[in-house]
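Please read the structure below before turning to the comments.
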Amino acid sequence: MAISRWVLLYLQQQVPATALAAVRIVFGLLMLASCLRFIALGWIEQQYILPKIHFPYTGFEWVASLGSPGMYIIFGLMTVATVGMILGAWYRLSAIVFFLTFTYVELIDKTYYLNHYYFVSLVAFLLCLVPAHGAWSIDARRSAAQARTTVPRWTFDIFLFQLTVVYVYAGIAKINEAWLLDAMPLRIWMPAHDDLPVIGSLMSIPWMPWVFSWAGMLYDISVPWFLMHRRTRWFAYAAVVGFHLVTGMMFQIGVFPLVMIGMTLLFFIPAPVTVAPSTPTLRPVHAVIGLFIVLQLLTPWRFLLYPGNLYWTEEGYRFSWRVMLVEKAGTATFSVTDRRTGRTGIVDNRMFLNEHQEKQMSFQPDMILQFAHVLHDHFERMGMTDPIVTADVWVTMNGESSTQLVDPTVDLSREQLGFHRNAWVLSDE
């Protein structure tokens, strides 16, 4: 009873509609810049039209590239939707179109998975649910019924919650022996960036990787709490800007630094709380938000359901805010054998994959298995009898000597992806 009463009291609280409008505008501007950048760099063709095959997520095998001109149309709709969100014009439709098109593109190929793409999809989903067009919008000018002076507090707080989850879980993920005690993989990465402006000279100092490792962990875990308090907010935001500028210079992580710098500004938006005179009723959207919160809190822990080294097997690795925590490289040699004649051939991966796809596939077990199935189907169409597909895969992690990742005797064409433990993945010990 006490919990339900607290929930109802919280749902009574209101904040200025301009606070939520600021979320809409900041996010929309960042996404417009991201879309234009993606189009200008020619990545639509490079990533979604030219590749012969893609690596879909488990359960989303039905999601496929539309080729040309389909993918250009998708990105065109996505870009127009960002403008609609910024202006608050046909806002609800714009938010839904952006969420669907952006998430569709990201589901086509897990090769290009980045944590910030996942973050964008989550924020876009939330924007579909909240009345972010109640102020500073064309919709509010066109229709007095859509104009608002206040909005429920939760519609603003949910974005602060999501930002906090990103930072705190990224910090928790860094609390491990390799990151804190061995300063890995920063000991590998930092010396390679000694030519950076201003900070380049720090990169070659022998003990500096440990400083960066510990500072990174402490930053992630603590920065949202400092951002929540007025006295420490500017200091915390300076740390946000510095942290993301450094990571942006060191790593190829796209617009992620700008997205986090921009979205973290939400902590500065004044949102004085008032209380609505009437008691709110629970609606379906409240149940959706409640489920969303539970999933965001639990999903990063799903790796505990699997045995073995998470960073080796990668079971439960994605969607858990593990950002730049491991350095891996691999070589994968596939053999295809005719089940009837016993004739065997070695596959040239480049006949099927682009350079980035081959690099990512070579150390990620689920992608290795998907590629094995692609090879089975391809060579069966070429006349082989139910081909046997095996893989000789060697992976180095955090500078250690190469270790075999996949059981080379297993016919991978007989194995299936799922949410179970992959027995054909060997231990790293």
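FYI, it's all coordinate maths here, none of it is from the lab. All values derive from a computational prediction rather than experimental measurement. FYI the Cβ positions are ideal-geometry reconstructions off the backbone, even for glycines, and counts take in every protein chain you see.
Brief remarks follow.
- For segment 1-143, alpha-carbon Rg relative to the globular expectation (2.2 N^0.38 Å, N residues): 1.22
- Cα-centre dipole for segment 327-414 with unit charges at Cβ (Lys and Arg positive, Asp and Glu negative), debye to 20: 220
- Dipole magnitude for segment 12-261: about 900 debye, using +1 per Lys or Arg Cβ and -1 per Asp or Glu Cβ, origin at the Cα centre.
- Taking only Cα atoms of segment 75-114, radius of gyration then Dmax in Å: 11.1, 34
- Inter-probe distance in nm under a simple model that places probes 7 Å from Cα toward Cβ, at R414 and E45: 4.5
- Extension gain from D182 to L8, taking 0.36 nm per residue of separation minus the Cα-Cα distance: 57.8 nm
- Theoretical FRET efficiency, 1/(1+(r/R0)^6), r = Cβ-Cβ of A192 and K52, R0 30 Å, to 0.05: 0.40
- Value of relative contact order over the chain, rounded to a whole percent, pairs C-alpha under 8 Å and six or more apart: 17
- Debye intensity ratio in log₁₀ form over the Cα atoms of segment 327-414, taken at each q of 0.22 Å⁻¹: -1.03
- Local electrostatic count at I346 - Lys and Arg +1, Asp and Glu -1, tallied over other residues with Cβ under 14 Å: -1
- A simple spin-label model places the labels of T274 and A33 3.3 nm from each other, with each point 7 Å out along Cα-to-Cβ.
- Size descriptors for segment 143-214, from the alpha-carbon set: Rg then Dmax equal 20.8, 63 Å.
- With 0.36 nm allotted per residue and the present C-alpha distance subtracted, the S427-T333 stretch has 32.0 nm of extension available.
- Principal semi-axes in Å for segment 89-247 [√(5λ), Cα gyration tensor, largest first]: 38, 20, 14
- Two-site FRET efficiency, M382 against V241, from Cβ-Cβ distance with R₀ of 45 Å, rounded to 0.05: 0.25
- Per residue, the convex hull spanned by the Cα atoms of segment 208-312 amounts to 174 cubic angstrom.
- Taking F268, F371, F159 in turn, the Gaussian network model of the chain (Cα-Cα springs below 10 Å) assigns the largest fluctuation to F268.
- For the chain, complete DSSP H runs whose alpha carbons reach 27 Å or more along their own long axis and whose mean Kyte-Doolittle score is 0.0 or higher are 17-40, 67-87, 153-173, 230-250.
- In plain terms, the chain from L305 to V80 could stretch by 76.9 nm, reckoned as 0.36 nm per residue minus the Cα-Cα distance.
- Computed on the chain, the Cα convex hull volume stands at 171 Å³ per residue.
- Computed E for L202/E355 - FRET, C-beta separation, R0 25 angstrom, nearest 0.05: 0.20
- Selection from C35, M249, T232 lying farthest towards where the dipole of the chain points positive, charges on Cβ: T232
- Reported to the nearest whole Å, the Cα centre-to-centre distance from segment 177-209 to segment 30-73 is 34.
- Estimated inter-spin distance, H373 and W225, nm [label 7 Å along Cα→Cβ]: 4.4
- Tail weight of P(r) past 18 Å, computed on alpha-carbon pairs of segment 2-79, percent: 63
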